[in-house]
Amino acid sequence: MPSDLSKPAAPPTTGYLALLRNREFAGLYASFTLTVAANTLSGFALGTLVHHRTGSPFLTAVSMYGATFATVLGALTLMSVADGARPRRTLVTLQCAALVGVAAQAVPGLPLAARFGLLLVLGFFQSLGTGTRMGLLAEVVPNSTYAAARSLMNITSGGMAVLGYAVGAALLRYLSPQEVFVIAAVLTGLGLGVVAATVRERSIRLTRRPGLRQTWTTNTALFSDSGRRALLLNLWVPNGLIVGCEALFISYAPDQAGAFLAAGSAGMLLGDLAVGRLLTADQRCRCAFALRLLLAAPYLLFAVHPPVPVLMAAVFLSSAGFAATLPLQEQLLALTPDAVRGQVQGVESAGRMTWQGIGAAIAGGLAQQLTPGTVIAALAAVSVAVTVSSRPYVARARAVRVGPAARSAPPSR
């Protein structure tokens with residue numbers, strides 16, 4: 001869910017259709033779309049299956065977002081492969097692993113322990129695949145159109161989630177979760193085929209052999225900078241806490257959970273569209289703080305249990321705040337050397353997904369003792385507090401930019 005994002009987005013005359021005329025970008029985009037759709041269907045099916053078997057809010061929440069826990073392992077060990085010499089081959093291999101994992105979920109009678117184990121394996125490969133895909137994206141599109149390309153992929157992620165949750169809820173009325181897993185495996189296989197057929201091999205920027213040492217060297221440089229740490233905090237924690245709220249939708253209102261999730265995805269789509277295409281880079285930067293507040297504040301309504309339509313509107317409005325991710329990513333990449341941009345984006349994505357899993361686990365654990373509505377409101381309040389308290393550090397990070405020479409050099413710390 002890249003090139004130097006400190007450069008302004010493409011001018012209005014360069015739209016999404018122009019990007020899709022690039023065959024390689026169209027292939028990456030189509031593969032990404034199919035993968036998101038497959039992950040959405042698979043996650044919703046597994047959450048429903050676990051809820052029916054256990055009735056546990058904690059296990060249900062973890063089953064929907066448990067794969068995110070393993071993404072941090074990829075970020076800490078092998079994320080440097082995202083900037084390796086054969087990124088197309090790497091991405092195809094990781095897509096094959098994802099296909100095997102999703103197909104295995106369709107096995108009838110598979111124990112829940114095995115299903116959770118598969119989630120962790122898939123999360124590890126997913127983190128590496130995200131970094132590799134984003135590194136390829138930076139090579140496939142010009143620097144001037146990267147922000148528009150990333151915006152389109154964010155929009156598509158929201159759109160596919162809307163369709164995935166809505167279609168998943170409809171399919172589960174007539175099909176078993178195992179049959180929905182089969183559909184997800186087919187979509188994953190199609191995504192693999194598209195990448196193999198459209199993306200050509202190319203060498204990215206790494207001058208050292210990818211591996212554990214190279215990954216740690218780059219990560220040390222990434223986290224040693226206070227500005228980048230502040231940006232990562234804002235990209236990870238508020239986002240993860242609100243995903244924890246979403247993980248309780250099934251426990252809060254089982255019959256309306258699909259509608260809540262679809263409303264949230266629709267709000268995310270609208271927010272990404274507006275922020276990515278209608279605002280300049282400077283305008284996006286200025287509105288990032290307000291968007292982060294918008295992300296959490298509407299969820300406070302869950303404390304007073306208003307009617308379901310009111311809550312659906314609140315979820316829709318709140319999810320537009322996820323668009324704060326784009327300007328924060330732009331600021332992060334402005335502080336990042338070009339030679340390791342694939343790995344940095346992989347680490348950012350892995351940390352964001354890991355915090356989504358942490359948020360889901362926290363929410364599910366608290367919901368074992370408190371009502372889901374109370375927990376949702378509490379997590380939203382903490383998200384607001386983190387956003388407000390970290391604002392001065394994020395503002396200071398905007399004053400620093402990496403020059404062209406530094407961007408092309410490997411990290412030295």
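Only the coordinates and a few stated rules stand behind these numbers; no lab work does. Keep in mind that this is a model prediction, so the values were computed, not measured. Using ideal geometry, Cβ is built from the backbone for each residue, glycine included, and neighbour counts are taken over all protein chains shown.
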Using a simple charge model, +1 on the beta-carbon of Lys and Arg, -1 on the beta-carbon of Asp and Glu, nothing else, what dipole does region 16-408 show about its Cα centre, in debye to the nearest 20?
-> 1060
For region 290-306, 3J(HN,Hα) per residue [Karplus equation, 6.51 cos²θ - 1.76 cosθ + 1.60, θ = phi - 60°, Hz, x = Gly/Pro] | 4, 5, 5, 5, 4, 4, 9, 4, x, 5, 4, 4, 5, 5, 10, 6, x
Per residue, how much space in cubic angstrom lies within the convex hull of the C-alpha atoms of region 93-210?
-> 120
Ranked on Cβ counts within 10 Å of their own Cβ, fewest leading, M153, M64 go M153, M64
From fewest to most C-beta neighbours within 10 Å, the residues T354, T130 line up as T354, T130
Could you work out Rg/(2.2 N^0.38 Å) for region 297-346, with Rg from alpha carbons only?
-> 1.77
With the dipole of the chain defined by +1 on each Lys or Arg Cβ and -1 on each Asp or Glu Cβ, the option from V141, S383, F124 whose Cα lies farthest towards the positive pole is V141
13 Å cut-off, amide nitrogen to a point 7 angstrom out along T77 Cα→Cβ, residues in region 91-131 | 120-128
Sorting E201, E24 on the 10 Å Cβ count, fewest up front, what's the list?
-> E201, E24
Per the chain, sqrt(5λ) over the Cα gyration tensor eigenvalues, sorted largest first, in Å, gives 31, 25, 20
In Hz, Karplus ³J(HN,Hα) per residue of region 107-124 (6.51, -1.76, 1.60; θ = phi - 60°; x = Gly, Pro) = 5, x, x, 5, x, 4, 4, 5, 5, 5, x, 4, 4, 5, 4, 5, x, 4
Residue span L212 to H52: 0.36 nm per residue of separation minus Cα-Cα distance leaves a gain in nm of 53.5 nm
Which order do the peptides 290-303, 186-199 take when ranked by the mean count of other beta-carbon atoms within 10 Å per residue, highest first?
-> 290-303, 186-199
Which of the peptides 131-137, 26-32 is most tightly packed, and how do the rest follow, going by the mean number of other Cβ atoms within 10 Å of each residue?
-> 131-137, 26-32
For region 174-295, with +1 on Lys and Arg beta carbons and -1 on Asp and Glu, the positive-most of F260, I183, L232 along the dipole | L232
Can you work out the PRE-style zone for Y393? Point 7 Å along Cα to Cβ, and I want the residues of region 237-270 with backbone N under 17 Å.
-> 237-241
